[in-house]
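Just so you know, all these numbers are worked out from the coordinates, no wet-lab data involved. What you see is a predicted model, and the numbers here were worked out from it, not measured in a lab. Here the Cβ positions follow ideal geometry from the backbone for every residue, glycine too, while neighbour counts run over all protein chains shown.
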Amino acid sequence: MVVTGGGPSGMMAAARAAERGCRVTLLEKNPSLGKKLLLTGGGRCNFTNAEPDNQRLAAFYGKKGRYLLSPFSRFSSQDALNFFKSRGMGYKVEDRNRAFPASDSSEAVLRVLREYLEETRVRVVTHCEVTSLKASLGQIVRVETRKGCFEAEHLILATGGTSLPATGSTGDGYRWLAELGHRVRIPEPSLVPLAVRESWIKDLAGLAFPQVRLQAWGPSGQLASDSGKLLLTHFGLSGPLVLNLATTLQSAHRELAASGNSLELRLDFFPSVDAGQLDRDLLENFRQGPNRLTKTALAGLLPPRLVSRVLILAGLDGETPLYRLTKAERRRVVEVLKAFPLTFEKLMDASRAVVTSGGVSLDEVDFKTMKSRIIPNLSIVGDLLDFERPTGGFSLQICWATAWSAGSAFEPSQNVESS
């Protein structure tokens, strides 16, 4: 058996098939396995979502989530937690059921997978870029690479999507599947940061906020709203809050741009209180030291770089003592803190995407075994499947569940020879 792609789904599928007794060769184009995995979650690796109910877990993937009920029944999020814990990796569950290694390091996840491969005696061939798949009479007959040809009774395709192409995810698997007769929806960025029109955003790059509300507005009113973790970048906005709203914002932007309008974004840095309460809180704070400068008082509540921009947007001089600040001026500060204005420019391209949408049509895959319904000796796993998913461990859970199902579907007769 040959597995192409040394990412999370490829490693899991290869080791599981070998554990079942198959002789397995895993091909990876990079010098080492798991290059993209190491970048997941900013290096922390949100390796699954700990939602214990498979029905509720599947619902996060929208209408297509029903296809995942079968693989989730074989390898649920609880199974993922147990799998890594049983192999010495502690974990912790944070807000929205996001599960991370206790060490906050993606290296811990990769270590478990590497040890699993070694334990099951998977043959790993790195620096081995696949150039084509050859089929005859409706079956895969060999995998051609820059290191020679690999003949296999069965192939598990785990080459991933097109996000972060510098890690090797260049979308080759989509092309091969289309050539083999599968219907493939062209991938496009799904979970991706966005750029804003304001050039001064670069002055705020690197600022992170654990809980911010983001609202999107058009001429007719509010179009979208959500809360979560936000990261300001040199080009715009990123973080789970933005990634999960990305496709919604892009659709709204396209509709507004067609009529000559812009999509306005508003950030609420204090989403837990309304404007009236925030104004009262500021007033109470300011009374504690009325001789302080306005910029000094706000620096106790906000990052200093953000204070400077808030004051500019509010039209205030930060050198003004608090006792000279008028009620109207204070309320302008509140307005900016509750509706910090930005203008949507565009979504970034696939090179910055965390996840891309698109892939092989789901009705062309048997989700009990992950085998192609078109090519009997081909299995398709992970990001090659056409699912939409939010951030929060949902993408890796697809990888684990589909790969485990694929690897579990074989008997020891499925072996591999190379020439």
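Some observations on this one:
- S76, S9 arranged by Cβ crowding within 10 Å, fewest neighbours leading: S76, S9
- Residue-averaged [θ]222 nm for the chain, counting only DSSP H segments that reach four residues, each worth -39500 (n - 2.57): -9500 deg cm²/dmol
- Ordered by the count of other Cβ atoms within 10 Å of each Cβ, fewest first, I186, I380 give I186, I380.
- Order of R121, R197, R309 - criterion: other Cβ atoms within 10 Å of each residue's Cβ, fewest first: R121, R197, R309
- Take the Cβ atoms of K202 and R66, set R0 to 41 Å, and the FRET efficiency comes out at 0.40.
- Take the Cα of Y323, go 7 Å toward its beta carbon, and the backbone nitrogen atoms of region 272-314 under 13 Å from that spot belong to 287-293.
- Take the Cα of Q55, step 7 Å toward its Cβ, do the same at H127, and the gap between the two points is 5.3 nm.
- Across region 1-125, the mean sequence separation of Cα contacts (distance under 8 Å, 6 or more residues apart), normalised by length, yields a relative contact order of 34 percent.
- Pair K147, S225: separation of 7 Å Cα→Cβ label points (nm): 5.5
- Rounded to 5, percent antiparallel among DSSP beta bridges of the chain: 80
- Dividing the convex hull volume of the alpha carbon atoms of region 193-348 by its residue count gives 108 Å³ per residue.
- Summary value for the chain: 26 percent relative contact order, contacts being C-alpha pairs under 8 angstrom separated by 6+ residues.
- Eligible aspartates and glutamates near K147 by straight Cα distance, threshold 19 Å, same-chain separation 8 or greater: E28, E129, D172, E417
- FRET efficiency for R280 and E94, using Cβ-Cβ distance with R0 set to 25 Å, rounded to 0.05: 0.20
- Entries of K36/K134; K35/K64; K29/K134; K64/K229; K63/K85 with Cα pairs more than 25 Å apart: K36/K134; K35/K64; K64/K229; K63/K85
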